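Visitor: For reference, the structure I am asking about is given below.
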Amino acid sequence: MFPAFRIGFGTDTHRLQVGIPFYLGGIQIEHSKGAVGHSDADALLHAICDALLGAACLRDIGFHFPDTNPDFKGADSKLLLKKVNELISQQGFKIANIDCTIQLQKPKLKDYIPQMQESISSILGLEKNQVSIKAKTGEGLGYVGNEEGVDVQVVALVYKT
Ligand code: MG
């Protein structure tokens, strides 16, 4: 039987602040700034969560893990992504692939991408080649270009056999 494919789209934005750790894609990035948020502020993992939830029509990350809930203060986003994978699995969905674009002026992420792919694929039980990660700068424009924030966009394809 032809599998029933569904696509999902997720985005996330976090403000950057000097002197805090920077988590992105389940790893820590060496930088003078980190992302601010209620949880560990991992914008890549949050956008992946939203893309997967969207594909399964299961609302959004804020619905499942509200930032008003003290349980999620400083939460490890790797655990949130694992939980999201369980939610979509319960609906019978498997992940075909995930394609991510990170917009960050500094630092260059090129050397971190293999580690991020490793981290995300292991959380989701995927092969590394099912998790594409692309990095762009903000070309010096707007809040990304001014090093005030990080933006992430993700599409995910899931299927039921
Ligand atoms: Mg977020």
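The values are calculated or read from the model by the stated rules, or taken from the named source; none is laboratory data. Quick caveat: nothing in here was measured; it's all calculated off a predicted structure. Positions of Cβ are backbone-derived with ideal geometry, glycine not excepted, and every protein chain shown enters the neighbour counts. Surface accessibility is based on the protein's heavy atoms, side chains included, excluding ligands, DNA and RNA. Shrake-Rupley method; radii C 1.70, N 1.55, O 1.52, S 1.80 Å.
Visitor: Carbon and sulfur: what percent of the chain's accessible surface (1.4 Å probe)?
Guide: Working: 4300 of 8270 Å².
After summing per-atom areas, the C and S share lands at 52 percent.
Visitor: What percentages, rounded to whole numbers, describe P(r) for segment 1-62 computed over all alpha carbon pairs with 5 Å bin width beginning at zero?
Guide: Reading upward from the zero bin: 4, 19, 23, 18, 13, 10, 7, 4, 2, 1, 0.
Visitor: Using +1 at the C-beta of Lys and Arg and -1 at the C-beta of Asp and Glu, which of Thr101, Ser119, Phe63 has the Cα lying farthest in the positive direction of the dipole of segment 57-135?
Guide: Value computed over the given set: Thr101.
Visitor: Further, regarding this structure: How much accessible surface area, in Å² rounded to 10, belongs to the heavy atoms of Phe63 with a 1.4 Å probe?
Guide: Surface open to solvent at Phe63 totals about 110 Å².
Visitor: Let me ask something additional. Under a point-charge model restricted to the Cβ atoms of Lys and Arg (+1) and Asp and Glu (-1), what is the dipole moment magnitude of segment 43-84 relative to its Cα centre, in debye to the nearest 20? If you can, show how the numbers build up before the last one.
Guide: Numbers: 5 positive and 5 negative charges, 27 e Å.
In debye, rounded to 20, segment 43-84 gives about 140.
Visitor: Write down the Å³ per residue value for the convex hull defined by the alpha carbon atoms of segment 93-161.
Guide: Numbers: hull volume 5.8 nm³, N = 69.
Residue-normalised Cα hull volume stands at 84 Å³.
Visitor: Helix-derived [θ] at 222 nm for the chain: sum -39500 (n - 2.57) over DSSP H runs of at least 4, divide by residue count, nearest 500?
Guide: Values: 5 runs with 47 residues, N = 161.
About -8500 deg cm²/dmol.
Visitor: While we're on this one: Looking at segment 67-161, which GluC sites (Glu not before Pro) are DSSP coil and have at most 11 other C-beta atoms within 10 Å of their C-beta? List each step's numbers first, then the result.
Guide: Working: sites: Glu86, Glu118, Glu127, Glu139, Glu147, Glu148; in loops: Glu127, Glu139, Glu147, Glu148.
Of the GluC sites (Glu not before Pro), the ones in loops of segment 67-161 whose Cβ has at most 11 other Cβ atoms within 10 Å are Glu127, Glu139.
Visitor: What per residue convex hull volume, in Å³, comes out for the chain when only alpha-carbon positions are used?
Guide: On the way: hull volume 16.5 nm³, N = 161.
Dividing the Cα hull volume of the chain by its residues yields 103 Å³.
Visitor: Scan segment 28-124 for trypsin sites (Lys or Arg not before Pro) in coil per DSSP, keeping those whose Cβ has at most 12 other Cβ atoms within 10 Å, and list them by number. Each step should come with its number before you reach the end.
Guide: Working: sites: Lys33, Arg59, Lys73, Lys78, Lys82, Lys83, Lys94, Lys108, Lys110; in loops: Arg59, Lys73, Lys108.
Within segment 28-124, the qualifying trypsin sites (Lys or Arg not before Pro) (loop, at most 12 other Cβ atoms within 10 Å) are Arg59, Lys73, Lys108.
Visitor: At a Cα cut-off below 17 Å, give the lysines reachable from Lys128, other chains included and same-chain residues fewer than 8 away excluded.
Guide: Within the straight-line limit of under 17 Å, Lys128 reaches these lysines: Lys78, Lys82, Lys94, Lys110.
Visitor: Counting only heavy atoms of protein chains, what accessible area per residue, in Å², does the chain have with a probe of 1.4 Å?
Guide: Details: 8270 Å² over 161 residues.
Accessible area per residue: 51 Å².
Visitor: Starting from the Kirkwood Rh over alpha-carbon pairs, what translational D in µm² s⁻¹ does segment 51-101 have by Stokes-Einstein at 37 °C and 0.692 mPa s? Provide the component values of the computation, followed by the final result.
Guide: Working: Rh = 11.9 Å.
Value of D from the Cα-based Kirkwood radius: 277 µm²/s.
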